[in-house]
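Where a number appears in this text, it was derived from the coordinates with a stated rule and is not lab data. Since this is a predicted model, take the numbers as computed values, not measurements. All Cβ positions, even for glycine, are placed from backbone atoms using ideal geometry, and neighbour counts span all protein chains on display.
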């Protein structure tokens, strides 16, 4: 479903180049939920943006649902839903409903499909009370709920979440986790980054751990727990960073 092959990404900073990703390679199978772990600056968001066609790799290639992200970006965009932490992509002058209707229109949904999707998502996220209010007056948590709904409005096959529970209260975070379980039952493919190890342990089939732009582990969680002799993901993650890059087959 997602193939990442030797991806390197460099950015020019004044008179020098900064390498954000270094020869990253791994694959994500259809219907898999993958947790992307790493400290700030590890390259998680850069990798997600590359998969989403928002960044072009300096070297290497990314394929999503059989489409090359450079050669067929529009086909890739039809297949994915994306939410980046701190970037809700919402228009303040519009109501929550109008925002969702606007993005639904971009994906070519009919008025009936749009209404059904908005009704379902607003019920799921408890947004009915403020669905017809302008986003400009929303709290961070309210914005995040609408942003998640925007990400899912076109019922994408592949979903990329960057810190999706940022700004959500405990109840809303639990709703999100239930949503991920439902999306998995529906056969969706999901990659999401998180600093909450409990969340990753609860939701993911496998993990990809990054450190300074490199992949230090990629594989299923049960294999990782067995090889490390521990189910403490936080301890395992910190241990991996200390030991550095190792290769694991997925």
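Worth a mention:
- Single match in 62, 7 (criterion: without any contact (Cβ under 8 Å) to a residue 60 or more places away in the chain, in contact with a strand residue (DSSP E or B) (Cβ under 7 Å, 6 or more places away or on another chain) and surrounded by 16 or more Cβ atoms within 10 Å (Cβ to Cβ)): 7
- For region 33-53, a tally of residues being part of a loop (DSSP other than H, G, I, E, B) and in contact with a strand residue (DSSP E or B) (Cβ under 6 Å, 6 or more places away or on another chain) returns 4.
- Qualifying residue in region 79-92 (condition: in a helix (DSSP H, G or I) and either on the phi < 0 side of the Ramachandran plot or surrounded by 14 or more Cβ atoms within 10 Å (Cβ to Cβ) (or both)): yes
- Here residue 137 clears all of (1) touching a strand residue (DSSP E or B) at 6+ places or on another chain (Cβ under 9 Å); (2) under 28 Å from residue 171 (Cβ atoms) except the condition numbered (1).
- 3 or more residues more than 17 Å from the chain's Cα centre (by Cα), surrounded by 19 or more Cβ atoms within 10 Å (Cβ to Cβ) and touching a residue at least 12 places away in the same chain (Cβ under 8 Å): qualifying helices (runs of 4 or more DSSP H) within region 99-187: 111-124
- For region 188-215, the set of residues classified as outside any loop (DSSP other than H, G, I, E, B) and farther than 21 Å from residue 49 by Cα consists of 197, 198, 199, 201, 202, 203, listed by residue number.
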